[in-house]
Amino acid sequence: MIFRQLFDRESCTYTYVLGDESVGQAALVDTVREHVARDLELLDQLGLRLAAVVETHVHADHVTGAGELRRRTGATCHVPRLGGAPCADVPVGDGDIVRVGAIALRVLATPGHTNGCVSYLVSMGEAAADRVLTGDALLVRGCGRTDFQEGDSGKLWDSVHGRLFALPDATLVYPAHDYKGMTVSTIGEEKRYNPRLGGTRTRPEFIQLMAALDLPPPAKIAEALPANRACGDAGDGP
Ligand SMILES: [Fe+2]
């Protein structure tokens, strides 16, 4: 089994490669349009054919490579049903499973950053701890913002505490972004050390903290939202 974490410096986005060598197939999760060539070259070198392009949510900070990857490879696009992206070949919702070879990505609805956000619990048929791709619901020692795109900090708290923190402590946490150079965490670590959602934090404290962040809007939001509702095939770009 192949698991790779790729990075986009501009938007600090992680793209994940999940590959099953025995069938020569792969999924890419949360791609970035500017890196389509990089991603396809890597898959080629690894002997993998792209079968599924998967999104954790409709992103506001970068444009997905999903549409271009679909055109170039015939892969299917899996986008959360509640994300408002009619371009999806397969709209996914809580409990659905995306399968690529022996790899299973089980959808966990984790709304709050956006209403359509999902996480994917990845099982690669190995003895190692499961991985969860948390999108922007849970970041390493942080979380996605909740001040646009139907964001709701109460919902995000409930998603993290009710769904993600219910996973075994050893589950590896792979987020959609990192801004400080962190790459991976575990559910147990985030329960203890996440400064917004872990430790002794309470739900009302979290809601208050998120309301006070006062962040500027993402630079690319005006381009990214309409483009991503079309799987990246809109706005200025290829
Ligand atoms: Fe996001």
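Picking from residues in region 130-171 that are assigned to a strand (DSSP E or B) and within 15 Å of the ligand (Cβ to nearest atom), the one that is farthest from Leu108 (Cα to Cα) is Gly142.
Being at pLDDT 95 or above, open to solvent by 10 Å² or more (accessible area, probe 1.4 Å) and out of contact with any Pro (no Cβ under 7 Å at 6 or more places or on another chain) holds for only one residue in Ala137, Ala37, Ala129, Ala75, and it is Ala37. Kindly indicate whether Gly144 is open to solvent by less than 10 Å² (accessible area, probe 1.4 Å) and farther than 26 Å from Gly24 by Cα. Judged against the criteria, Gly144 is a match. Out of Cys77, Cys87, one residue alone is in contact with a Cys (Cβ under 8 Å, 6 or more places away or on another chain), part of a loop (DSSP other than H, G, I, E, B) and touching a residue at least 12 places away in the same chain (Cβ under 8 Å). It is Cys87. So is Gly65 within 16 Å of the ligand (Cβ to nearest atom) and open to solvent by 20 Å² or more (accessible area, probe 1.4 Å) or not? Spelling it out, it is not the case that Gly65 is within 16 Å of the ligand (Cβ to nearest atom) and open to solvent by 20 Å² or more (accessible area, probe 1.4 Å).
A Cβ distance below 7 Å, combined with a sequence gap of six or more or placement on separate chains, defines the contacts here; from region 172-184, residues that are part of a strand (DSSP E or B) and open to solvent by less than 10 Å² (accessible area, probe 1.4 Å) reach residues that are of a type in the set (Asp, Glu) and within 16 Å of the ligand (Cβ to nearest atom) in the pairs His177/Asp136. Inside region 198-224, can you point out the residues that are within 30 Å of Ala66 (Cβ to Cβ), open to solvent by less than 30 Å² (accessible area, probe 1.4 Å) and either modelled with pLDDT under 95 or touching a Phe, Trp or Tyr at 6+ places or on another chain (Cβ under 6 Å) (or both)? Across region 198-224, the qualifying residue is only Pro218. Among the residues in region 49-60, are any more than 18 Å from Ser119 (Cα to Cα), open to solvent by 10 Å² or more (accessible area, probe 1.4 Å) and either modelled with pLDDT under 95 or not in a strand (DSSP E or B) (or both)? For region 49-60, residues more than 18 Å from Ser119 (Cα to Cα), open to solvent by 10 Å² or more (accessible area, probe 1.4 Å) and either modelled with pLDDT under 95 or not in a strand (DSSP E or B) (or both): absent.
The values are calculated or read from the model by the stated rules, or taken from the named source; none is laboratory data. In this text the structure is predicted, and so the values were computed from the model without any measurement. So basically every Cβ, Gly included, is an ideal-geometry build from the backbone, and we count neighbours across all protein chains shown. Ligands, DNA and RNA are excluded from the accessible area calculation, which covers all protein heavy atoms including side chains. Shrake-Rupley method; radii C 1.70, N 1.55, O 1.52, S 1.80 Å.
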